[in-house]
Amino acid sequence: MSDSLYLGQVVILGVVTLWFTRGQRVMQLQILGWMLLSSLILLRYGLVEQQNFYSNDQRYHSGLVNEILGNGLPFDLDWWLSAARVPYVLPASLLAAMGIEPLLSLKFVSLLALLATTSLIQRRVPTTTILNLAATTYLSATAFIGVFFAALGLRDTTMMLLVLWFFTGTSTAAKLGSLIGLGLLRPHLAAAVLIGSLVALVLQKLRRNSTPTPFVNFLGLTAAPVLGYYVYSFGLQYQSGMSGVFGHTWGISPVLRIASNYVGLQFLTVPASTVEFSTTSLLLLRVLLSETIVIPILFTISVLLARRQSLLMQSVMWSFGIYVGIVTNTDFNSFRQNIPFMPAMGLVALLAWREHQISRNSPQNRALTAQRET
C-alpha cells in the first residue's frame with residue numbers, strides 16, 4: 001500500500017466517523033486530532049517504521065491481524081486465551097478484511113474505544129459550560145492522552161473503556177463481559193479489578209454507618225498495594241507452582257516506587273535499565289501529556305479527603321492499589337501501565353468535586369456561612 005492510499009483511508013475513516021458524531025464537539029475534536037496525528041506519524045516514519053513508533057507492540061498487533069487475514073482463525077485455545085488479544089485484534093481484523101491497512105484498522109479500533117469512553121464519561125458527568133466540558137474531557141484522560149493512544153496500534157484505549165465499563169456498568173452482563181475482555185488483554189489487570197471490587201463491596205457493608213477520616217483513607221491507600229504484593233505471589237504460584245516468591249522485599253525503594261504511581265512519576269523510581277527513553281524525553285512527554293500526573297494526584301487527594309466514600313471510589317482505589325502492588329513486583333512499571341485506570345480515576349475525582357460543590361452550596365451551608373460572616 002502506498003502512503004497516499006493510507007492517507008486516503010485515514011481521511012475516509014475520519015470523515016465517516018465525523019458524520020456519525022455530528023453535534024458531539026468533543027468527539028469531533030478527538031477524531032480530527034486522530035486524523036492529524038495518524039497522518040503525521042505516517043509521514044514521519046513511513047508505512048513500515050511507524051509500527052515501531054513509541055512501542056513495537058504495534059508490530060505485534062499488526063502481525064496478528066496479518067496472520068488472521070492470511071491463515072484464518074486458529075483452533076488453538078491457548079492462542080485465543082494468551083496471545084490473540086481478541087477484544088482488540090479481532091475487530092481490527094474485520095476492518096482489515098474489508099481493505100483497511102492492518103495497522104490503520106488497529107488505530108481505528110483504538111479511536112472507537114476512545115469515543116465510547118468519552119460517551120460513558122459524559123453520561124456520568126453532565127456539563128453546562130464549555131469550560132466544564134473541557135475540564136471533564138481533560139480529567140477523564142480523553143483529551144490529549146486519549147487522542148495520542150488512539151493514534152497508535154495499541155490496546156490501551158480498549159482497556160480504558162473496559163475498566164470504565166466495569167466500574168460504571170449497571171448490569172452483571174456488562175461487568176462480566178468487560179472483565180473477560182480485560183482478562184484476554186491483560187490478565188493481572190482483570191484480577192486486580194475483580195479483587196479490588198470485591199474488597200470494596202465487603203468494606204462498604206462493614207462501614208455502612210461510619211464516617212471515614214483522612215487517616216483511615218490513608219490506611220486504605222497503603223493496604224491495597226500490600227494486598228497486591230501477595231496477589232502477585234499467589235498468581236505466580238498458580239502459573240508456575242513456585243510458592244512464596246516475590247519481586248522485591250520491602251524497603252524504601254519499593255515504597256517509593258509504589259508511591260510514585262499515585263503522582264504519575266514512576267519513571268523517577270524504576271531501574272534505569274528498564275527505561276527506554278531519556279529522562280529529558282520522559283519529562284517532555286509528561287508536559288505534553290500532563291493528565292498522567294494531574295489525574296493520579298487529584299484522585300489521591302479526593303480519596304484522602306473524602307468524608308463519604310462511594311462504592312465507585314472504593315472500588316477504583318482498591319483495584320488500582322492492588323494493581324500497583326502487582327506491577328511494582330516486576331520491571332514493567334510505567335505510566336502506560338496505569339493508563340487503563342485513568343478515566344475511572346478521573347471520574348472519581350470529578351464526582352468528588354461535584355459532590356463537594358453541591359454540599360457547599362446547600363441551604364444549610366449557606367446559612368452557616370452567612371452566620372460566620374455576620
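Rule-based calculations on the coordinates, nothing more; no lab input. Just so we're clear, the structure is a prediction, and the values are computed from it rather than from any experiment. Note that each Cβ is placed from the backbone with ideal geometry, even for glycine, and that neighbours are counted across all protein chains shown.
Taking the C-alpha atoms only, the angle from helix 172-185 to the longest principal axis of the chain is near 60 degrees. Mean separation of Cα pairs under 8 Å and 6 or more residues apart, divided by the residue count, gives region 1-156 a relative contact order of 28 percent. Considering the chain as a Gaussian network with a 10 Å cut-off on Cα pairs, which listed residue, 254, 74, 102, attains the greatest mean-square fluctuation? Its mean-square fluctuation being the largest, the pick is 74. The residues packed around residue 102, meaning those with a beta-carbon under 13 Å from its beta-carbon, carry a net charge of 0 if Lys and Arg are +1 and Asp and Glu are -1. Its DSSP H runs of at least 4 residues, each contributing -39,500 (n - 2.57), put the calculated 222 nm mean residue ellipticity of the chain at -23500 deg cm²/dmol, to the nearest 500.
The structure shown yields Cα extents along the principal axes in Å, and of the options (1) 73, 55, 45; (2) 62, 48, 37; (3) 70, 53, 49 that calculated value carries the label (1).
Given the options 11, 294, 348, state which has the largest fluctuation in a GNM of the chain using a 10 Å cut-off (strictly under) for Cα springs. Comparing 11, 294, 348 in a Gaussian network model of the chain, the most mobile one is 11. For region 293-299, the Karplus equation 6.51 cos²θ - 1.76 cosθ + 1.60, evaluated at θ = phi - 60°, returns couplings of 9, 5, 5, x, 5, 5, 4 Hz by residue, with Gly and Pro reported as x.
At full extension, residue 173 and residue 198 could sit 7.3 nm farther apart than now, given 0.36 nm per residue minus the alpha carbon distance. If you take the Cα centroid of region 226-250 and the Cα centroid of region 110-170, the two points sit 33 Å apart. The chymotrypsin sites (Phe, Trp or Tyr not before Pro) of region 44-77 that meet both conditions, a loop assignment by DSSP and at most 11 other Cβ atoms within 10 Å of the site Cβ, are 75. Measure nothing but the geometry: give the 0 to 90° angle between the long axis through the Cα atoms of 252-261 and the longest principal axis through the Cα atoms of the chain, rounded to 10°. The answer is roughly 80 degrees. The residues neighbouring residue 324, those whose beta-carbon lies less than 15 Å from its own, together hold a net charge of +2 under the Lys/Arg +1, Asp/Glu -1 convention. Dipole check for region 1-156: with +1 at the C-beta of Lys and Arg, -1 at the C-beta of Asp and Glu, and the Cα centre as origin, the magnitude is about 640 Debye. Within the chain, the longest segment free of exposed loop sites, counting trypsin sites (Lys or Arg not before Pro) that fall outside DSSP classes H, G, I, E and B and have at most 11 other Cβ atoms within 10 Å, spans 23-207. Contact order, relative form, for region 156-281: 10 percent (alpha carbon pairs under 8 Å, 6 or more residues apart, mean separation divided by residue count). Maximal additional length on extending the residue 15-residue 255 stretch stands at 81.6 nm, based on 0.36 nm per residue less the C-alpha distance. Rounded to the nearest 20 debye, the dipole magnitude of the chain is 1480 debye, with +1 charges on Lys and Arg beta carbons, -1 on Asp and Glu beta carbons, and the Cα centre as origin.
Between helix 102-124 and the chain there is an angle of about 20 degrees, using the helix long axis and the longest principal axis of the Cα atoms. For a quick check, take a GNM of the chain with Cα springs below 10 Å and name the residue from 134, 143, 191 with the largest mean-square fluctuation. Most flexible of the set in this elastic network: 134.
For region 186-358, the relative contact order is 40 percent, taking Cα pairs closer than 8 Å that sit 6 or more residues apart in sequence and dividing their mean separation by the residue count. Neighbours of residue 68 by Cβ distance under 14 Å: Lys/Arg scored +1, Asp/Glu scored -1, total -1.
Between 146, 239, 82, the Cα set farthest toward the positive side of the dipole of the chain (charges on each charged residue's Cβ, about the Cα centre) is that of 146.
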